[in-house]
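Presented below is the structure to which this report refers.
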Amino acid sequence: MTETEVRPVVFDLINFLNVSPTAFHAVDEAKKRLQKVGYEQVLEREDWKLEAGKRYFFTRNHSTIVAFAIGKKYVAGNGFHIVGAHTDSPCLKLKPVSKVTKGGYLEVGVQTYGGGLWHTWFDRDLTVAGRVMIKEEKGGSVSYSHRLFRIEEPIMRVPTLAIHLDRGINDGFKVNTQSHLLPILATSIKAELNREVVENGPAEKITNNSRHHSLLLQMIANKLGCQPDQICDFELQACDTQPSIVAGATKEFIFSGRLDNLCMSFCSLKALIDATSSESDLEDESGVRMVALFDHEEVGSNSAQGAGSPAMLDALSRITNSFTSDSKMLTKTIQRSFFVSADMAHALHPNYMDKHEENHQPKLHGGLVIKHNANQRYATNAVTSFIFREIAMKHNLPIQDFVVRNDMPCGSTIGPILASGVGIRTVDIGAPQLSMHSIREMCAVDDVKHSYEHFKAFFQEFSHLDTMVTVDM
């Protein structure tokens, strides 16, 4: 694959990563991209009036987004072909009371989110990002809204302990996530000298100041163009400030945070947009092309906006019911549908080759990886893997297989959750990467292009391919 072919998709991914420090920002960027090409937003709180040949999306909690394009030949009961991924990544999230003062330092209390490689968070230039609930008063009326927030420059750091004070550190660095992972925001004396004192503030401000450092609240307020007492609450997380880049001696790698799983989120979203960009793309489509990007996969998906919620079933039901009053059609729809669970895969590590099963060693640049597990930690079976592999063969795209070693536990994805919860045929796949769940991960540029092309081909060809597959007859 030539550099000219790869470059546009890869640098589009880099831009997506750099504006998406949190799940909220990733959904916001996805929303902007969809609206730019004519997708119409529908609200779950309202009735839907959908038409064949049109494109729509909805968000839930602004951290999950579902986009879909309805084929012009669609009729109720026809199938959906879906690529699903997740918007969240392991990180450090600010506690409800984040104000910590120790030893003359202002520290920020954080809680671990997901199964991160926490030692990689030490000695990184960190900032904060997320969403803030703001109180606004206009014309005597009060309203509350969430605003996305990000400070670009480094404002805090988790310093390691000098080796002189822990001579055995190189024998094993064991992180106590409660006491060792608090980022330093400032020294107490400098914070006091720089503090903006507001006399006779309202009770709400006093409450906030008792929960969070006034210095942090003032920085948030300055960035949002509001007063600290307008900040009602927030969901913020620590973020690395180092940007995502194309790197390596031959520029073959991407070094970035959150590749798991914003890489798959981006590739599926771009594939859907490009597979539905013109009216002719949906002219002969009899199904519904969909991308579903869920929050909270890293912590089990059990939330109102996770894959364990009714969000997927709600979407299938509401779209189907927009074209029929027959409640039995949904069951038919599900059995005619197909779900690609797209979550990054483990590439073979040259320094730890014994961690991979001998016959299943995915390589960087080797294309998407089909994940298998006999104990259903992945939802792939012979039928679903065949369908996904057949699309790859037709387009001359590389494909790989992964099975975890028998003497190692196997991770899981949203695939089994939706396969069992909805009853939809599912294949688990992902692009290979190294350093999964580190603050700084890496993957190959070729696999970004392979993933995008594979997903796009899936959207364009599944309806026809599925008519040739016979199982329950």
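The values are calculated or read from the model by the stated rules, or taken from the named source; none is laboratory data. Since the structure is predicted, the reported quantities are computational estimates derived from the model, not experimental observations. Reconstructed Cβ throughout: ideal geometry from the backbone, glycine too, with neighbour counts over all protein chains shown. Please note that ligands, DNA and RNA were not included when accessible areas were found on the heavy atoms of the full protein model with its side chains. Shrake-Rupley method; radii C 1.70, N 1.55, O 1.52, S 1.80 Å.
Quick rundown of the values:
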{"item": "Residue list for the range 121-176, restricted to those being of a type in the set (A, V, I, L, M) and part of a strand (DSSP E or B)", "result": "Leu126, Val128, Ala129, Val132, Met133, Ile134, Val142, Leu148, Met156"}
{"item": "Per-region count, the range 252-285, residues over 17 Å from the mean Cα position of the chain (by Cα), acidic (Asp, Glu) and buried (at least 22 other Cβ atoms within 10 Å of the Cβ)", "result": "1"}
{"item": "Matching residues in the range 91-105 - criterion: being open to solvent by 20 Å² or more (accessible area, probe 1.4 Å) and either under 23 Å from the mean Cα position of the chain (by Cα) or of a type outside the set (Phe, Trp, Tyr) (or both)", "result": "Lys93, Lys95, Pro96, Val97, Lys99, Val100, Thr101, Lys102, Gly103, Gly104"}
{"item": "Those residues of the range 254-270 which are in a helix (DSSP H, G or I) and either closer than 17 Å to Asp28 by Cα or among the polar types (S, T, N, Q) (or both), in sequence order", "result": "Asn261, Leu262, Cys263, Met264, Ser265, Phe266, Cys267, Ser268, Leu269, Lys270"}
{"item": "Verdict on Asp12 being open to solvent by 20 Å² or more (accessible area, probe 1.4 Å), at pLDDT 95 or above, within 30 Å of Gly366 (Cβ to Cβ) and acidic (Asp, Glu)", "result": "yes"}
{"item": "Those residues of the range 350-374 which are charged (D, E, K, R), modelled with pLDDT of 95 or more and open to solvent by 50 Å² or more (accessible area, probe 1.4 Å), in sequence order", "result": "Asp354, Lys355, Lys363"}
{"item": "Meets criteria (closer than 30 Å to Val471 by Cα, crowded, with 18+ Cβ neighbours inside 10 Å, of a type outside the set (Asp, Glu) and in contact with a Cys (Cβ under 9 Å, 6 or more places away or on another chain)) for Ala342", "result": "yes"}
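Residue-by-condition table, conditions (1) farther than 18 Å from Ala374 by Cα; (2) modelled with pLDDT of 95 or more; (3) polar (S, T, N, Q):
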{"position": "Ile391", "(1), (2), (3)": "yes, yes, no"}
{"position": "His395", "(1), (2), (3)": "yes, yes, no"}
{"position": "Asp401", "(1), (2), (3)": "no, yes, no"}
{"position": "Val404", "(1), (2), (3)": "no, yes, no"}
{"position": "Leu418", "(1), (2), (3)": "no, yes, no"}
{"position": "Gly421", "(1), (2), (3)": "yes, yes, no"}
{"position": "Thr426", "(1), (2), (3)": "no, yes, yes"}
